[in-house]
Amino acid sequence: MGTPEFAVESLQALVEGGYNVVGVITMPDKPAGRGYKLQASPVKEYALSQNLPLLQPEKLKDPLFLDALKDWKADLQIVAAFRMLPEVVWNMPRLGTFNLHASLLPQYRGAAPIHWAIINGETETGVTTFFLTHEIDTGQIIYQKKIPIEATDNAGTVHDKLMRLGANLVIKTVNDVFSHSIKPISQSEMVTDERELKLAPKIFKETCRINWNKTIGEIHDFVRGLSPYPSAWSDLTTPTGEMFSLKIFETEKIYQTHELPPGTIVSDGKNFMDVSAMDGFIRLKSIQQTGKKRMAIEEFLRGRRFVS
């Protein structure tokens, strides 16, 4: 059960590993693009390419869906980047249902664990397989695998690393579930203080607005934690009074004392464009103006007339 590219890697590993995938469940096709044409999920596209049986339920408690799911007689269900399942679904297989989550649970439970780990300045993350239960992302942990978050990483690079790492962990988990060699651990045993838990709630457009009153370290991590998608953004005003909205994909930290109000643009009009923050400047490296393509800041500045 899965929808985005992150889930395809695990499904492909199962198929290419010779496992008996009796069926695939993914989201219904959704309108996308300018023409709002129905678009299949990456998981559906891969499932169709492998001639795998496919279900796309609107509602997970639909009797017709539940009957079709029972007919598959699955021994084990695997979930990767899908929806919250009702008990009637996750409790159906004889060996249960496990989920692949892109964090080191119990930290970063929620919909956007990769983004929030980077935004919060973490230096490591990982993947977890765990059995599903009633509360989201709280089931018994089967396995975990860690990786460092490098200073040069962003949400896109960490996503790809965890996608591959997760596929390997899914294979290990499947093998050991079937051989009855796992020893799941309760997440409650891993929590010393609930206040220390960091969550990973769903990200909306307003979540992505940059707060220039923060430190340049916090802003830099915020930008890379949302890059390349959904991307951090800000409304800015040039020294000449021009206002524009920018998505910001890549930045550099410039530690420098100043007395400028947060969010003030400083630029030579040719090679650099800096924005003031609490303890220095954020140098914009890669941006996208509304209605235009992504570009380097030098290209954005070309032909513009504003110098601080």
Quick check: the angle from helix 155-178's long axis to the longest principal axis of the chain, C-alpha only, nearest 10 degrees? 10 degrees
My understanding is that a pair violates if its Cα-Cα distance is over 31 Å; which of Lys30/Lys214; Lys61/Lys202; Lys59/Lys205; Lys37/Lys73; Lys214/Lys270 do that in this structure? Lys30/Lys214; Lys37/Lys73
Percentage of Cα-Cα pair distances in the chain greater than 26 Å, rounded to whole percent? 53 percent
Whole-percent carbon and sulfur contribution to the accessible surface of segment 145-283 (1.4 Å, no ligands, DNA or RNA) stands at 53 percent
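Carbon and sulfur atoms: what percent of the 1.4 Å accessible area of segment 8-112 do they account for? Let's see the in-between values first.
Numbers: 2880 of 5660 Å².
In segment 8-112, the share of accessible area belonging to carbon and sulfur is 51 percent.
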Taking every alpha carbon pair in segment 244-308 and sorting the distances into 10 angstrom bins from 0 up to the bin holding the longest one, the percent per bin comes out as 22, 54, 22, 1
Say a site is exposed when it is one of the GluC sites (Glu not before Pro), sits in a DSSP loop, and has at most 15 other Cβ atoms within 10 Å; what is then the longest site-free stretch of the chain? 151-241
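What do you get for Rg/Rh of segment 95-168 when both radii come from the Cα atoms and Rh is the Kirkwood radius?
0.97
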Starting from the Cα of Leu48, step 7 Å toward the Cβ, then list every residue of segment 1-30 with an amide N under 15 Å from that point. 24-30
What list of whole percents do you get for P(r) of segment 1-55, with Cα-Cα distances grouped in 10 Å bins up to the one holding the largest distance? 25, 53, 18, 5
In Å, the Kirkwood hydrodynamic radius from C-alpha pairs for segment 138-180 sits at 11.9 Å
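Whenever you get a sec, line up His180, His159, His101 from highest to lowest accessible area (probe 1.4 Å, protein heavy atoms). Numbers along the way, then the final one.
Values: His180 140, His159 45, His101 15 Å².
I get His180, His159, His101, largest accessible area first.
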Quick one: compute a quarter of the convex hull surface over the Cα atoms of segment 90-233 and quote it in nm². 9.4 nm²
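Treating only the Cβ atoms of Lys and Arg (+1) and Asp and Glu (-1) as charged, compute the dipole magnitude of the chain about its Cα centre; round to the nearest 20 debye. Don't jump to the answer; show the numbers that get you there.
On the way: 35 positive and 36 negative charges, 161 e Å.
Roughly 780 debye, rounded to the nearest 20.
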Leaving out ligands and nucleic acids, and using a 1.4 Å probe, what accessible area per residue does the chain come to in Å²? 53 Å²
Once you put a point 7 Å from the Cα of Met278 and another 7 Å from the Cα of Glu135, both along the Cβ direction, what distance in nm separates them? 3.2 nm
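Which residues make up the longest stretch of the chain clear of trypsin sites (Lys or Arg not before Pro) that lie in a DSSP loop with no more than 13 other Cβ atoms within 10 Å, not counting the sites? Before the final figure, lay out the partial values.
Numbers: sites that count: Arg34, Lys59, Lys61, Lys73, Arg94, Lys202, Lys205, Lys270, Lys292, Lys293, Arg302, Arg305.
That would be 95-201.
What number, in nm² with one decimal, is the all-direction average of the projected area of the convex hull of the alpha-carbon atoms of segment 184-274?
Values: hull surface 36.5 nm².
Computed as one quarter of the Cα hull surface, the answer is 9.1 nm².
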Would you work out if segment 1-95 is rounded, prolate or oblate? Take a ≥ b ≥ c from the square roots of the eigenvalues of the alpha-carbon gyration tensor; rounded if a/c is under 1.5, else prolate when a/b is larger than b/c, oblate otherwise. oblate
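The values are calculated or read from the model by the stated rules, or taken from the named source; none is laboratory data. This structure is a prediction, so every number in the text was calculated from the model and none was measured. Glycine also receives a Cβ, built like all others from the backbone with ideal geometry; neighbour counts cover every protein chain displayed. To get the accessible areas, we keep the full protein, side chains included, count just its heavy atoms, and leave off ligands, DNA and RNA. Shrake-Rupley method; radii C 1.70, N 1.55, O 1.52, S 1.80 Å.
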